[in-house]
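Everything on this sheet refers to the single structure shown next.
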Amino acid sequence: MIELWNYYRSGTSHRVRIALNLKGIEWTYRPLNLLKSGHKSAQYLHINPQGLAPTMLVDGVPLTQSPAILEYIEEMWPHPPLLPKNPMDRAKVRAMAMIIGCDIHPINNLRILNEVKAATGEDGPPLSWIHKWIQQGFEALESMLFSDKNRDPGFCFGSVHGLGECYLIPQIYAAKRFEFDLSPFPLICQIDEHCARLPAFIDAHPDQQPDAPDNLS
């Protein structure tokens, strides 16, 4: 039994939802409201002492940190694969994912944004800060996509959606939410448009989750 404690708008939660859907794994949604300190409750801290999202329970055993969760999913359900077979190709896809997972998302997550707002005295999200890191990361990704002549249009690598899209699509969602101009990145936008037509990505989208504001009764 797979249970995913997650928040509808959390990028790390979003990437795990995509992976589970791509694999065709049955799972149960457990909402975790980060804005109302649900991640700080005694119940949640019991399964995730770090108090971060997401946590995936596998037959009651908690797994934390989305990269580790994604590795577990890939190892336990190898088909369809999230990574290509060739070690060099796998390293390339991991590098694309880590541009987002290490160099964009962590700097722009809720904890860091709150610290930046406290330091600057700004009332709203520090958009210049957010845009800076997305810009740098997306410039590198766009260049990598452009240089890969064997990649099919609409895919991060090859002709199969996998780990690259698990990371990229949630980051594109966040970029749109923070009013980042995506027009200079046509290849990234092409991937987003392609994925937006596929059930695995549609069902994982934040707006489709039971704790999204429009879905709450």
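The values are calculated or read from the model by the stated rules, or taken from the named source; none is laboratory data. Because the structure is predicted, anything quoted here is derived from the model rather than measured. We place every Cβ from the backbone using ideal geometry, glycine too, and count neighbours over all the protein chains shown.
Would a scan of region 167-179 turn up a residue that is over 18 Å from residue 109 (Cβ atoms) and of a type in the set (D, E, K, R)?
no
Filter region 11-48 down to the residues that are at pLDDT below 95 and assigned to a loop (DSSP other than H, G, I, E, B), then identify the one that is farthest from the chain's Cα centre (by Cα).
41
Of the conditions (1) on the phi < 0 side of the Ramachandran plot; (2) outside any helix (DSSP H, G or I); (3) over 16 Å from the mean Cα position of the chain (by Cα), residue 116 satisfies every one except a single condition; which number is it?
Unmet condition: (2).
Just name the residue that is surrounded by the fewest Cβ atoms within 10 Å (Cβ to Cβ) out of those in region 58-110 that are more than 15 Å from the chain's Cα centre (by Cα) and assigned to a strand (DSSP E or B).
61
Any idea how many residues of region 167-197 are surrounded by fewer than 22 Cβ atoms within 10 Å (Cβ to Cβ) and either more than 22 Å from residue 144 (Cβ to Cβ) or of a type in the set (Val, Ile, Thr) (or both)?
So the answer is 5.
Has region 113-121 got any residue that is crowded, with 21+ Cβ neighbours inside 10 Å and among the aliphatic types (A, V, I, L, M)?
No.
Looking at this structure, is residue 172 of a type in the set (Val, Ile, Thr), on the phi < 0 side of the Ramachandran plot and touching a helix residue (DSSP H, G or I) at 6+ places or on another chain (Cβ under 6 Å)?
Yes; evaluated as a whole, the condition is true for this residue.
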